Amino acid sequence: METKWGAMRKRISPGHLALSCCILVTSLWVFWGVTEMFHEGWYAPFEWLFFLLPAAISLTLTLMALTWPRLGGWLLIGAGILFYAWVMFSVATRFGLNLRIVVSWFPAVGFLAIIGALFLLDAGRRRELDNPDRRWWRRNLRYILAVGIPLLVGLAVGAEPAIRVANRMDDADYGARLIQANGVSLLWAPVGQGWGRGVTWNQLALYGLPPVGFGDKSLGHEGQRHSDAGEGCATVEELQQYNVCRYLSEDGVRLETSWQGHWRMPTTDEVVGSLVRQGEQAGCVWNGRSGKQPCTVRPDKETPLWNPQSPIIYLWTANEANQKEAYCVTYHGAVFTQPKYLSLGSLGYRCVQDTGSKVGSAAASSLEER
């Protein structure tokens, strides 16, 4: 006579444990993908689909393993190895490898390998667990859970940002904009070379250092490498003297080869104070530290400070955190420190002009007359 424990062991197979792990992994990728989709990817049609790829791959592997346990098991093991190789290659080409990085990523491979092994163990027991006489929902419960749980996670995470993004303010005016906040009145550069992206803080700071231009300055001065100490990175003093905004033409559109002096890089507190929501200042104030800043309302990626159709979601500022890092501000009111040699398509800059200056006063008056 079969014992109660024996009956329970039949119900709980290695496949059940493997499926639980797969649902967890897929749900985590859905959580990350939906969050990033609205945070970073929502600026062009279908650009956001990129952030759902990891979850889609994870779900596909799960469904394959449920249908063909042996094939799916080996695919999961292979996926773990390929993922580890891709991470190591990416880190090595951008920052260089060390023992800590190599070892710290082993658990990711091991976890996928364990899931794959569990599916392989389950392959031999699958026939006795499958009963064609059961109801449809019971026969397909594994598939329902594999798809349904991550889907519910995605709907829960995406509800608020979907509503917020759908109601973003975009007046399609990406020219020079006047923003008055916290007692400061600033004119922000129009779309052009005074509002760009994809350059490092080093390049912004050393633009005017001969030879004039961004050139080979992404790592700082000649010989700079990705060192923990940050030797060779640009300094605040160099940024004040050579920054790219000092070479911006009076209309804020072109970069000249000689010093112009009409524009400058904004400080961290100026960017934070200029954050907006629905055309109004969000009441944000920089507290002098990294992290979420105190705001009256949550700011968003909206005009006049941001271009909702641009991939830029972070702006470099004129302040450095230390020899190696500088501050940047994101549209939702957080301040981050990033390496001065970091270059991202989502990380940009926008020059400003004090409206108290001769040129700034004239430009401000022109904007107010519109």
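Scanning the range 170-195 for residues that are surrounded by 18 or more Cβ atoms within 10 Å (Cβ to Cβ), in a strand (DSSP E or B) and not basic (Lys, Arg) yields Leu178, Ile179, Ala181, Leu186, Leu187, Trp188, Gly192, Trp195. Being assigned to a loop (DSSP other than H, G, I, E, B) and modelled with pLDDT of 85 or more, is that true of even one residue in the range 46-62? The answer is no; no qualifying residue exists.
Quick grid of which residues meet (1) assigned by TED's automatic domain parsing to the domain that holds Pro14; (2) out of contact with any helix residue (DSSP H, G or I) (no Cβ under 9 Å at 6 or more places or on another chain); (3) free of Cβ contacts under 8 Å to residues at least 12 places away in the same chain; (4) under 30 Å from Leu344 (Cβ atoms):
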| site | (1), (2), (3), (4) |
| --- | --- |
| Leu63 | yes, no, no, no |
| Leu75 | yes, no, no, no |
| Gly80 | yes, no, no, yes |
| Phe83 | yes, no, no, yes |
| Val91 | yes, no, yes, yes |
| Leu97 | yes, no, yes, yes |
| Ser104 | yes, yes, yes, yes |
| Ala113 | yes, no, no, no |
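Which one is farthest from the chain's Cα centre (by Cα) among residues in the range 31-60 that are over 23 Å from Tyr314 (Cα atoms) and of a type outside the set (S, T, N, Q)? Per the stated criteria, the residue is Leu59. Among the residues of the range 204-214, just one is free of Cβ contacts under 8 Å to residues at least 12 places away in the same chain and either at positive phi or surrounded by 23 or more Cβ atoms within 10 Å (Cβ to Cβ) (or both), namely Gly213. Close Cβ contacts (under 6 Å, 6 or more residues apart or on different chains) running from residues in the range 178-193 that are in the same structural domain as His262 (by TED's automatic domain parsing) to residues that are among the basic types (Lys, Arg) and surrounded by 18 or more Cβ atoms within 10 Å (Cβ to Cβ) comprise Trp188/Arg177; Trp188/Arg350; Ala189/Arg350. Among Leu255, Leu204, which is the only one that is within 26 Å of Gly288 (Cβ to Cβ), in the same structural domain as Pro339 (by TED's automatic domain parsing) and of a type in the set (A, V, I, L, M, F, W, C)? None of the others qualify; the one that does is Leu204. So is Cys284 within 27 Å of the chain's Cα centre (by Cα) and either farther than 17 Å from Gln180 by Cα or of a type in the set (Phe, Trp, Tyr) (or both) or not? Considered against the rule, which asks whether it is within 27 Å of the chain's Cα centre (by Cα) and either farther than 17 Å from Gln180 by Cα or of a type in the set (Phe, Trp, Tyr) (or both), Cys284 comes out as no. When the range 155-164 is examined, which residues are found to be of a type outside the set (Lys, Arg) and surrounded by fewer than 18 Cβ atoms within 10 Å (Cβ to Cβ)? Leu155, Ala156, Ala159, Glu160, Pro161, Ala162, Ile163 - these are the residues of the range 155-164 that are of a type outside the set (Lys, Arg) and surrounded by fewer than 18 Cβ atoms within 10 Å (Cβ to Cβ).
Residue pairs whose Cβ atoms lie under 6 Å apart, sitting 6 or more positions apart in sequence or on different chains, and linking a residue in the range 33-44 that is touching a residue at least 40 places away in the same chain (Cβ under 8 Å) and among the charged types (D, E, K, R) to a partner that is surrounded by fewer than 19 Cβ atoms within 10 Å (Cβ to Cβ) and assigned to a loop (DSSP other than H, G, I, E, B), are Glu40/Ser346. Within the range 230-253, the set of residues being among the charged types (D, E, K, R), buried (at least 17 other Cβ atoms within 10 Å of the Cβ) and more than 20 Å from Thr337 (Cα to Cα) comprises just one member, Arg246.
Of the residues making up the range 313-326, not a single one is among the aromatic types (Phe, Trp, Tyr), part of a loop (DSSP other than H, G, I, E, B) and surrounded by 20 or more Cβ atoms within 10 Å (Cβ to Cβ).
The values are calculated or read from the model by the stated rules, or taken from the named source; none is laboratory data. Since this is a predicted model, take the numbers as computed values, not measurements. Neighbour counts run over all protein chains shown; Cβ positions are idealised from the backbone, glycine included.
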